[in-house]
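Following: one structure in structure tokens, then a few remarks.
The values are calculated or read from the model by the stated rules, or taken from the named source; none is laboratory data. This is a predicted model, so every value here is computed, not measured. Note that we place each Cβ from the backbone using ideal geometry, even for glycine, and neighbour counts take in every protein chain shown. When the accessible area is computed, the model is the full protein with side chains, heavy atoms only, and any ligands, DNA or RNA have been set aside. Shrake-Rupley method; radii C 1.70, N 1.55, O 1.52, S 1.80 Å.
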Amino acid sequence: MASKFSLKLGKVKARKKSAVTAEDDERSTIAAATKCVTEWTAWGLQKGKVITHYGFIPLIIIIGMKSEPRPSLAQLLSPV
Amino acid sequence: MATLVSPPPNNVTTPADEKQKVDYLNLPCPIPYEEIHREAFMSLKPEFFEGMRFDFTKGLNQRFSLSHSVVMGPTEIPSQSSEIIKIPSAQYEFGANFLDPKVMLLGRVLTDGRLSARLKIDLTENLTLKANAQLTAEPNMSHGLWNFDYKGRDYRTQLQLGNGGLFGASYIQSVSPHLSLGGEVFWAAEHLKSGIGYAARYNTDKMVATGQVASTGMVALSYVQKVSEKVSLASDFTYNYMSRDVTASVGYDYILRQCRLRGKIDSNGVVGALLEERLNMGLNLLLSAEIDHVKKDYKFGFGLTVGE
């Protein structure tokens with residue numbers, strides 16, 4: 001009797017555990033997805049910051065040299 | 001018996017009054033929320049500097065220009081004690097500007113690699129994107145801020161997004177031809193701070209009065225009177241009800257033909273003046289003085305600006 005009881009308890013516990021692990025799985029996939037997204041956005045922002053840091057002033061110079069009337073390279077580099 | 005002709009009541013519209021009758025559907029567009037204290041700050045908070053400054057702006061084009069700037073002098077280091085620590089330093093800054101009616105790009109880079117960038121694009125006639133960034137090579141010391149501004153017929157709204165989870169929004173509306181009211185709200189995720197503020201601005205041709213209250217404890221009132229075309233006087237009162245800090249200042253702004261002189265005196269014992277004199281076409285002399293009698297900090301600077 002006691003063994004049957006303990007067997008039943010064991011089954012109930014196993015069912016509860018399996019339900020809990022299914023929820024856990026869902027939560028962990030969502031957590032993993034959000035972690036993935038935050039990691040990738042952090043990586044993107046970091047690379048964007050480096051690109052802006054090195055490329056912003058050359059970008060302004062390129063846009064300026066292409067605007068009308070076109071200045072020449074000598075005008076860009078001379079100190080006068 | 002002479003009949004007394006009573007004077008016409010005030011709400012009878014004469015032809016002169018017709019023009020001045022307020023058309024509440026056609027109010028002027030208000031000043032942007034962050035510039036609400038603009039006239040007062042121009043007089044009372046000019047850019048004082050210490051040491052020598054030399055700015056050279058070379059225009060390659062009507063819209064594109066390069067700028068070189070050399071600054072030599074003591075720079076202050078923030079310190080915990082009330083003593084002021086200054087370290088002499090010299091810096092060269094290279095900048096490129098592109099100014100178009102629709103697009104404005106401004107970039108400045110210092111010798112130690114710090115970049116300060118500003119961007120303004122008119123996406124449509126009423127929507128403007130602005131961005132401001134200070135980037136350094138050190139990690140976690142860079143800041144960036146994006147602003148989206150929308151200008152309606154008699155209102156302006158702005159949305160701000162910054163790094164570190166900074167989020168802000170503001171709205172200002174013209175309530176009458178002279179009065180505009182606005183409010184703002186901000187939230188900083190990193191510091192877990194949020195705040196709400198209100199502002200009001202009343203301006204006529206001769207004077208501007210503004211008031212601003214914020215939940216961070218700041219109350220700021222200012223009044224600017226334009227005494228003549230060349231002279232305007234300003235006064236400002238700032239009170240922080242959390243930290244019980246009060247500052248009042250009075251200043252003047254003389255815009256003369258060849259020079260611009262701005263001076264102020266403060267309740268913290270600070271007296272300052274800034275002179276920008278036009279020596280010749282494209283050549284400006286700058287003299288700056290800021291004397292803090294209480295902290296015994298005396299700052300004098302001179303500079304030359306070449307180019308437009």
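Consider the stretch B:221-236 and keep the residues that are touching a helix residue (DSSP H, G or I) at 6+ places or on another chain (Cβ under 9 Å) and among the small types (G, A, S). The one that is most open to solvent (accessible area, probe 1.4 Å) is B:S235. Is it the case that B:Y239 is more than 28 Å from B:G144 (Cβ to Cβ), open to solvent by 60 Å² or more (accessible area, probe 1.4 Å), under 17 Å from the mean Cα position of the chain (by Cα) and hydroxyl-bearing (S, T, Y)? The answer is no for B:Y239.
Going by the structure shown, is B:Q212 more than 23 Å from B:I84 (Cα to Cα), surrounded by fewer than 18 Cβ atoms within 10 Å (Cβ to Cβ), in contact with a strand residue (DSSP E or B) (Cβ under 9 Å, 6 or more places away or on another chain) and not basic (K, R)? No: the conditions fail for B:Q212. Within the stretch B:93-114, the set of residues being of a type in the set (D, E, K, R), closer than 22 Å to B:F49 by Cα and open to solvent by less than 60 Å² (accessible area, probe 1.4 Å) comprises B:E93, B:R108.
Can you work out which of the residues in the stretch B:22-55 that are among the hydroxyl-bearing types (S, T, Y) and part of a helix (DSSP H, G or I) is nearest to the other protein chains (Cβ to nearest Cβ)? For the stretch B:22-55, the residue satisfying everything is B:Y33. Of the strands (runs of 3 or more DSSP E) lying entirely inside the stretch B:116-188, the ones with 3 or more residues being under 26 Å from B:D100 (Cβ atoms) are found at B:127-135, B:143-151, B:155-162. When B:G95, B:G107 are checked against the criterion of being within 23 Å of the chain's Cα centre (by Cα), touching a residue at least 24 places away in the same chain (Cβ under 8 Å) and either facing chain A (nearest Cβ under 10 Å) or not in a strand (DSSP E or B) (or both), B:G95 stands alone in meeting it. If only residues of the stretch B:56-87 that are hydroxyl-bearing (S, T, Y) and open to solvent by less than 50 Å² (accessible area, probe 1.4 Å) are counted, the one that is nearest to the other protein chains (Cβ to nearest Cβ) is B:S65.
Within the stretch A:60-74, the set of residues being open to solvent by less than 80 Å² (accessible area, probe 1.4 Å) and in a helix (DSSP H, G or I) comprises A:I60, A:I61, A:I63, A:G64, A:M65, A:A74. Taking B:A90, is it closer than 25 Å to B:Y33 by Cα, touching a strand residue (DSSP E or B) at 6+ places or on another chain (Cβ under 8 Å) and either buried (at least 16 other Cβ atoms within 10 Å of the Cβ) or at pLDDT 90 or above (or both)? So B:A90 does not fit the description; no. Just for the stretch B:249-291: of the residues that are assigned to a loop (DSSP other than H, G, I, E, B) and open to solvent by 60 Å² or more (accessible area, probe 1.4 Å), which one is nearest to A:V80 (Cα to Cα)? Selected residue: B:M281.
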